[in-house]
Every structure is written in C-alpha cells, then in structure tokens.
Amino acid sequence: MLGKIINYYTIKNQVFIVFETKKIIATIIDDGICNFKEEETSSFAVDVNGFIFDYINPVVEKIDNAIKITHGRYKYVINDNFILSIYFDDVLISSDISYYNNKTNEFIDNSLLEAEGHAVNIEEEYKYIISKKINSNDCLYGLGDKTGFLNKRGYEYDMWNTDDPAPHVDSFKALYKSIPFFIVFNKSYSYGYFFDNTYKSNFNMAKNNSEVVSIGFTDGPLNYYFIGGNNLKDVVSNYTYITGRMDMPKRFTLGYHQSRWSYSTKDEVIKLVDNFKKYDIPLECVHLDIDYMDGYRVFTVNDERFSDFKNFTEEMKNKGVKLVTIIDPGVKVDSNYDVYNYIVKNKLVATENNEVYVNSVWPGESVYPSFIDPKLRTYWGELDGKMLDLGVSGIWNDMNEPASFNGPLPSKVEFFDGNRIHYHDEVHNIYGHYMAKATYEGMKKHNNERPFVITRACYAGTQKYSTVWTGDNHSIWSHLQMAIPQICNLGLSGFAFAGCDVGGFSSDATKELLIRWAELGAITPLFRNHSAMGTKRQEPWEFDDETISIYRKAVKLRYEIIPYYYDLFFEAANTGIPAFRAVVLEYPEDSNTYEINDEVMLGANILASPVVEQGKRNKLVYLPSGTNWYDYYSYDKFEPGYHIYDAPLDKLPLFVKEGAIIPKYPNYESLDDPKTIIFEIYPGDGTYIHYQDNGVDFNYEEGEYNIYEISHIDGNIRIDLSYNGYKLYDKIYIKYKNNIQEYKEIGTILKIE
Ligand code: MIG
C-alpha cells in the first residue's frame, strides 16, 4: 500500500508527495506535461532531471486529504494511494480507477475498483496495473508499430520486442517495437500517456470495458507522463519534446531505395543498378543484406564476392548510387575474429551466471554485445565509422529485438552498463534503442554528417537516432492495407521517418500488388523495395513492360515531391509532427476522419488515397470538410465529402488543398545538389514556407540554410527570402496548370493566369 498522504513539499517545479510507504515526485515540465515517478527512479529513454526548471512554479495546495497542483490550464489532484485525477479548464479529463500490485500489494485500492464496478483484469503476472478511465467514444491512437487499424480501441497489446515471421495480423499482440505511448482523442480534448517502463507490459485498450484502459507491468518502478495539449498536434509535439525528435535527414535518404536479401555479388549489384538506368527508374540507394559479409561476421566484407569494396562503393557513387549495409548485433563466436575477441576480452557482452552468454543467429553461435555499456557503444560506433571509411552511406540495424534462433534469451541474462548488471527482462525492449544510439553516435562522430540509420527494434525516443521500417511483412494485400495505419501510428508515436518493405518481404508479390505498393511507397517517408531470399523477385522488370512503366511513374512522382517532403521533415525536426499524417491530425474537427485507414495527409497540403484492394480501379475517397480540394494532376475541383474517383492501375489518387503551393523538383537523377525548384500553385490564395540546406551535414544548426516565403494572392506570386544563410537555387520556376514561368528576382511579383 502506498497509503495515506502524510506530507508534501515543493522544490522548483517538482512536488514531492510523501505517502506512508513511498515518495512520488510530480514534475511539472510544461503546461500540460507532467511526470510522475517514484523517487530514485531513472530512465533509459528520458532524462527527467533535464526537465527541472526554476521558472515553472506550479500552485500546490492541500485540500481535504488531496494535493492539488495547478499549472496553466491543467490541475492534477492526487489522493491517498496515489489516485490521480486530471482537469483541463476545470473539466475532469482523466482519472485513475485503481492501482494494483499483486506481488507487493502496493497501490491497491479495491474499494474504489468495486465502487466503480469495472471488470478490470488483474492477472497474476503483473506486479502492478494502472487503470485509467476514458470515455466510451474516445479514440485511442499511437502505440508504435502495432498491427491492425488506426484506432486501437478494443484490442490488447504487449510491449515486448518480438520478431515473428508469421503474417502480422490484427490479433498479434507484439511486434518489433515497444513504444509505450498512446493518445486519447475526442473532439473536445486530446491527451496522451507515456509509461516509461522497459519491462514487459500489457496494454488493454478498453478491450474488457469500453471506459477503461488498463496497463499491466511485470516489473519496474512507476514512472509515467501525462501529456496534454490544446489539440492532437500539441500532444504529439509535447511527447516528442520529452522523448526527442529526428535531425534533418540526409536528402538522398528521401530518394528511392532498392533492396533484396540475396544480392550477393558485386556483379549482381552492378547489373541491378544498370537496369535502373536502362529502364529510366530513378535510384538513390542499394541496401546490402547479410550476403555481403564474410560468414555473417559483422563489420567484415566478403573478399571474393565483394572484393575491393572501397573501390566498389566509389564506382557506385559515380553512378549516383549509395550503399547501405546491414549490421546485426550478434557477433560470431570465433577466436580468429577481432570483434569477438575484443568484446569478450573487455567484458562488453551479455553473460549468464558470469559466463559469456551464447545463442545462435546468422553466423551460428554468437554473443550479444551489451549496448547499454557506453564502452561498447564507443567501440561499436568506431566500427560503424570504419564502414563509412569504406564508402558506405548508411547502416541498417536488424535482429536487435534481440532475435535468437536457439530459444529466447532467458530473463536473467546479464547486461553490464558500465556500473552494474541489468537483467534481460529489464533491457530487452531497449536493446535496439541502444544499438541505434551506438550506430548514430559513432557515425556522427566519425564524419559529422547526418547519420542514416535504420532499425527494426526500438523503444520510445529512438527517433532521435534512427529511421525505422516495419519489419518482415508479407506480399499480401492486407499488409499493404495495414501499412497506412501502422506508419500513421508510428508517426503519432514520435517516429516521423518510417517505411515498410514495398512489395512485401515474405511470400510472392503479384504484378498488381507491387504496383499498388509502389504507389504507396512513393508517399511513405522511407521508400524501399525489399524482399526475402527465395521469394519471387520484386524488381519491376521481373514482371512486364506495364509494371516497369507504372513503377517508373510512381518513383518519378516521389522525386517530384521530395522538396515538399524535405520541408515536412524540417517541420518534424522542429515540432515532432510527422510528414505522413493520420487524416485526423489535420482535421480533428471532422469526425469522419477519426478512423480513416486508407488515406493519409502528407503534411497539411496533400491528401493521398492509395488503392489498397486487389482488382479495384476506382477509389471511394473522403475529402475532409472546411476546404475545397484539387486533383493533383488535373486541377479538377472537388468539394469536401465522399467521391468515387477513377484510379486505373497507374494512378495514385492525390488531392491538394485549396490555396496550397507545392515545391517540386524537375526530373532529377541526383539529390546531391538540386539547383532548380518549381513552386506549383494550386487554385486559391495561400502562402508557403520552403526550407533549403546542403542536405548532408549539421551546418544548418549554425545557420547554413534558406527560408523562402512564397505567397499567392489573386494571381500575384511573390517570393521573399526570410532567411538567407546558404546558396540559392540557380533557377526558380512558378507553375500553374500548364503554364511554367521562370521567377527571376526575389521580392518581385509575377502574375499567373
Ligand atoms: O531472419 O537479413 O527483417 O529485412 O532481409 C531474417 C535477412 C533476418 C530480417 C529482416 C529482413 C532481412 C533478413 N532479416
């Protein structure tokens, strides 16, 4: 039992509430952001001590037996046994039903539970359960990469990073990522809860009771955040204020990526790249899967199949193509292998009863580096740096749940953090997070460029270090469908840079599936075609001429909107709001958007409604209220509401909001140094802000960038430079319908008809 409140005191923005058995600290971080934790609790993902401020002075009162903390529009009322209620403008928006801890019997308040009459599932395996009352019409978003639909209401999930090759279906409880953050949304309020607990947990999203979200934790201290905001965007922004935001990505990473598990010789890759040239399909980057290594030893390159690797990466760069190499965590047991020798000798690997722990992955018997140890991270980061020296442009981290072929890692496998041992059950969910951190920091230190890291497993906050993909999907239509809500929810959970294997990883893609998937891929933040060894090949020329030409069209569409996407990443880097947005994020007032699973907003200005059903040649499109919309291709006008839109195989339905100005590239082969920009004007007056920098390093943090402000009023176009710290484009064009004109002088007016 936490027991009764016996005392409280305030230091800066922290309120210490002394219960009979424990102290809880409430840290008011900002208006609507509050952390509650047991004293002496630290975090792997967030440094709460980084949020202690002199200038935030909450009003703290004791009223009857409760502590009431007021800050801005929020009030937090804490009762005995740490029963919490939260008010927004004096309206109760969230309240506890009970706490329960069936091991230590802490946080229990059965009387309340019974009084409320809720059938809350209290299972033996949880050390404690936190249950929050919600309204039966609240939508529940977030939770990272979980399967199913945008609204998580009615389902139950586990936070336990899991590599399961079976087709991911709605009933799956866990996937590769654990992002213990969800959003409660209703027309009149939105707020989120982030439970910063890395142990296995269970999120019951009003499955048993439409008015209760109940989270069971197998272990770990209480440490969570209430994250409010004036609207849905604020909540996402506030969540990423706590857990971090991405850097600007390297520009080339927004181009097209080609991958397949089995590209196993230089010649094969050269032929692949030449085919993209031959078929006139833009290509930015090829990913090398485990086949490039020497016996699956990480940080080695097979000498026969990829001889003279540095020359090879150079040769590829000359063809305009960058290479990304996969790096797994498992290090082969091999006394002739320096990486193995070094990490074992320096005790930088997982152990069990003080013996080096061995399981099996691709290289056979392997050891598991302890990524929570800064010494290991430094060493690992230097190895990543050596990959950069070989001319590699990005690192792809796989298998870091961590996966294992020889049974799961036992819960008591030991990971040393440099000071003390943590058990596997505590650090499992952050293994990928720390591997990505090691990779990011190593790369950044090595060349001070923006690291391009892709990770499969991660935890809350990994977005600071890495982009993510959704792992081993299948070439099935339901996975094309699922990709939209999955990537939207990743975005709502802080991951603005995400993608899925285009065409599907396992199983065999059909021509039609690949085409529709390429159309979706063209608008997802990370656009990579990837497939498994042994499945039908997924390069477009493996099908027929029609596939090649539609595929080309989709990839070229992508290249056209890259400057728009880059602007969206500028927004994501600054605010945490994702580029690939659930429609509700832009239209929270329009209740038709709350459960849209087959459409997405690209920023505020483009609505995409991809075809995700086999055999369909038209699409039921919903255009949100409050604005008119224009066909991206034809400028045809559409009013808000439902429309049946013709969508032949080669068409991705795209609609532009009235008054939008969209920056586009002409047909570039390379994203290294784009010299021309086109601002395309859609009907209606409007303004737009465009960002430009060198696309490679961190000089933008020192002011090396440009901000262009474009306005369109009554047919008059004017461009101003509101910030100038980088070289300008050589040519700027204004396009309106079929009319393109060069815009010659900043600050002048150009007329369009
Ligand atoms: O057990 O490296 O998700 O993208 O191609 C499979 C081989 C291991 C899983 C990754 C996938 C990759 C594959 N890997």
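The values are calculated or read from the model by the stated rules, or taken from the named source; none is laboratory data. What you see is a predicted model; the values in this text were computed from it and never measured. Counting neighbours? That spans all protein chains shown, and the Cβs are built from the backbone with ideal geometry, glycine included.
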- Item | Residue check, residue 429 under 21 Å from the mean Cα position of the chain (by Cα), within 16 Å of the ligand (Cβ to nearest atom) and either in contact (Cβ under 8 Å) with a residue 40 or more places away in the chain or not in a loop (DSSP other than H, G, I, E, B) (or both) | no
- Message: Suppose the filter is surrounded by fewer than 20 Cβ atoms within 10 Å (Cβ to Cβ), over 29 Å from residue 314 (Cβ atoms) and within 16 Å of the ligand (Cβ to nearest atom); does residue 374 pass it?
- Response: no
- Any idea how many residues of the range 487-502 are away from the ligand (no atom under 16 Å from the Cβ), of a type outside the set (A, V, I, L, M, F, W, C) and either over 9 Å from the mean Cα position of the chain (by Cα) or closer than 21 Å to residue 248 by Cβ (or both)? 3
- Query: Out of (1) of a type outside the set (A, V, I, L, M); (2) more than 16 Å from the ligand (Cβ to nearest atom); (3) part of a helix (DSSP H, G or I), the odd one out for residue 451 is which?
  - Reply: (3)
- Query: Which ones in the range 141-181 are among the hydrophobic types (A, V, I, L, M, F, W, C), more than 16 Å from the ligand (Cβ to nearest atom) and under 30 Å from residue 475 (Cβ atoms)?
  - Reply: 143, 149, 150, 159, 160, 169, 179
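Provide a single number: the residues in the range 534-551 that are within 16 Å of the ligand (Cβ to nearest atom) and either of a type in the set (Ser, Thr, Tyr) or out of contact with any Asp or Glu (no Cβ under 8 Å at 6 or more places or on another chain) (or both).
5
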- among the small types (Gly, Ala, Ser), away from the ligand (no atom under 16 Å from the Cβ), touching a residue at least 60 places away in the same chain (Cβ under 8 Å) and in a loop (DSSP other than H, G, I, E, B) - does that describe any residue in the range 315-325? yes
- Residue tally, condition in contact with a strand residue (DSSP E or B) (Cβ under 6 Å, 6 or more places away or on another chain) and either more than 19 Å from residue 694 (Cα to Cα) or buried (at least 24 other Cβ atoms within 10 Å of the Cβ) (or both), over the range 420-451: 11
- Return the pairs, sorted by first residue and then second, in which the second residue is modelled with pLDDT of 95 or more and among the polar types (S, T, N, Q), the first residue lies in the range 400-416 and is within 15 Å of residue 178 (Cβ to Cβ), the beta carbons are less than 6 Å apart, and the residues are 6+ apart or on different chains. 401/161
- Of all residues in the range 291-328, which are under 20 Å from residue 382 (Cα atoms) and aliphatic (A, V, I, L, M)? 293, 298, 301, 323, 324, 326, 327
- Query: Restricting the range 340-367 to residues that are assigned to a loop (DSSP other than H, G, I, E, B) and within 16 Å of the ligand (Cβ to nearest atom), which is nearest to residue 432 (Cα to Cα)?
  - Reply: 362
- Item | Matching residues, the range 380-422, being more than 16 Å from the ligand (Cβ to nearest atom) and either part of a strand (DSSP E or B) or among the aromatic types (Phe, Trp, Tyr) (or both) | 380, 414, 415, 416, 421, 422
- Query: What residue, of 515, 523, is closer than 28 Å to residue 656 by Cβ, away from the ligand (no atom under 15 Å from the Cβ) and assigned to a helix (DSSP H, G or I)?
  - Reply: 515
- Query: In this structure, is residue 739 out of contact with any Leu (no Cβ under 7 Å at 6 or more places or on another chain), polar (S, T, N, Q) and under 27 Å from residue 695 (Cα atoms)?
  - Reply: no
- Kindly provide the set of residues from the range 463-486 that are more than 16 Å from the ligand (Cβ to nearest atom) and either under 27 Å from residue 46 (Cα atoms) or free of Cβ contacts under 8 Å to residues at least 40 places away in the same chain (or both), ordered by number. 463, 464, 465, 485
- Of all residues in the range 275-298, how many are among the hydrophobic types (A, V, I, L, M, F, W, C), assigned to a loop (DSSP other than H, G, I, E, B) and within 30 Å of residue 557 (Cβ to Cβ)? 2
- Item | Lone qualifier among 540, 578 - being more than 22 Å from residue 235 (Cα to Cα) and surrounded by 20 or more Cβ atoms within 10 Å (Cβ to Cβ) | 540
- Within the set of pairs 6+ apart or on separate chains, which have a first residue in the range 191-216 that is without any contact (Cβ under 8 Å) to a residue 40 or more places away in the chain, a second that is assigned to a loop (DSSP other than H, G, I, E, B), and C-beta atoms under 6 Å apart? 197/220
- Query: In the range 203-212, is there at least one residue being modelled with pLDDT of 95 or more and of a type in the set (Val, Ile, Thr)?
  - Reply: no
- In the range 679-725, how many are assigned to a strand (DSSP E or B), under 29 Å from the mean Cα position of the chain (by Cα) and among the aliphatic types (A, V, I, L, M)? 2
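Take residues that are under 24 Å from residue 42 (Cβ atoms) and tell me which of the strands (runs of 3 or more DSSP E) falling wholly in the range 202-274 contain 1 or more.
Where strands (runs of 3 or more DSSP E) fall fully within the range 202-274 and carry at least 1 residues being under 24 Å from residue 42 (Cβ atoms), they are 212-217, 223-227.
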